[in-house]
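Report on the following structure.
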């Protein structure tokens, strides 16, 4: 006679006084504890992951600015030391090499710009004057190189977030300047406080002031401000060839933290006089 075999339920059994235990050996309470521990670990790791992502975006941004800045320098070497043009000056009378450093490589159908940038200053059917110095066949596109990876695009002309075309602007004041006349250091004066800084050539412009508002163009002057796109820090390409990473304790009329505007930064001209970086026509800095 064959012995009777006790067959357990295929998926669970009652053990230890009736506790329901899965075939894997975990109780429901144990599974909940594991899930809770994982949730806590994720919550602890998320800030570190987020910080790492922000650092990567900052590094990418500085790499973009370095590439564009080197394009400015390479252009100057080919033009007897003259830096690229911007969007100011009598562009219709200028030879093409003196026109805007940024051209239609960033334009999209239906875009509208201030009348001092269109059509000839942006060379409506042509690339910017530094384009051939920074772009290679099969290389990174203008839509990526001219954009800061830490910014987002919301709506064109809204004053909120990026304009979706470019985030970097060149100082008007150094348009067409001889590179040897650009001072290596400058100073920012705000509310009586003076701060020394390497001279900026290319900045990340604040979206509200005015990179994505009513004055959307690739030049920085007057009320255009540096943007704080990296956890309160601003990147910019300096005249000494470095990319600076600086923070500012400045608030605008809305009470929002921003960088300085171009009226608040000045440097010495080749004659030794102080001059603000608020603007100028092609080559005017050299003659000051």
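The values are calculated or read from the model by the stated rules, or taken from the named source; none is laboratory data. Computed from a predicted model, the values in this text were never measured in an experiment. For neighbour counting, all protein chains shown are included, and Cβ atoms are generated from backbone atoms with ideal geometry for every residue, glycine included.
Summary of computed values
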quantity	calculated
Residue among 261, 231, 180, 224 that is over 26 Å from residue 50 (Cα atoms), in contact (Cβ under 8 Å) with a residue 40 or more places away in the chain and surrounded by fewer than 16 Cβ atoms within 10 Å (Cβ to Cβ)	180
Single condition residue 228 does not satisfy, out of (1) more than 13 Å from residue 277 (Cα to Cα); (2) part of a strand (DSSP E or B)	(2)
Hey, residue 222 under 22 Å from residue 141 (Cα atoms), at pLDDT 90 or above and outside any strand (DSSP E or B) or not	no
Selection within the range 243-280 - over 15 Å from residue 226 (Cβ atoms) and part of a loop (DSSP other than H, G, I, E, B)	253, 254, 255, 269, 270, 271, 272, 273, 279, 280
Every residue from the range 191-207 that is in a strand (DSSP E or B) and either touching a helix residue (DSSP H, G or I) at 6+ places or on another chain (Cβ under 7 Å) or surrounded by fewer than 24 Cβ atoms within 10 Å (Cβ to Cβ) (or both)	193, 194, 195, 196, 197, 198, 201, 202
Any chance residue 92 is exposed (fewer than 11 other Cβ atoms within 10 Å of the Cβ), at pLDDT below 80, over 30 Å from residue 243 (Cβ atoms) and within 32 Å of the chain's Cα centre (by Cα)	yes
Candidates 187, 217 - the one that is in contact (Cβ under 8 Å) with a residue 40 or more places away in the chain, more than 18 Å from residue 149 (Cα to Cα) and part of a loop (DSSP other than H, G, I, E, B)	217
Which numbered condition residue 175 misses (of (1) in contact with a strand residue (DSSP E or B) (Cβ under 7 Å, 6 or more places away or on another chain); (2) under 15 Å from residue 269 (Cα atoms); (3) surrounded by fewer than 23 Cβ atoms within 10 Å (Cβ to Cβ))	(3)
Residue that is out of contact with any helix residue (DSSP H, G or I) (no Cβ under 6 Å at 6 or more places or on another chain) and on the phi > 0 side of the Ramachandran plot, where the choices are 267, 232, 259	232
Residue 197 within 15 Å of the chain's Cα centre (by Cα) and farther than 17 Å from residue 68 by Cβ	no
Scope the range 144-172; condition surrounded by 22 or more Cβ atoms within 10 Å (Cβ to Cβ) and free of Cβ contacts under 8 Å to residues at least 24 places away in the same chain; matching residues	none
Residue selected from the range 227-250 under the condition modelled with pLDDT under 95 and out of contact with any strand residue (DSSP E or B) (no Cβ under 6 Å at 6 or more places or on another chain), by the criterion farthest from residue 184 (Cα to Cα)	231
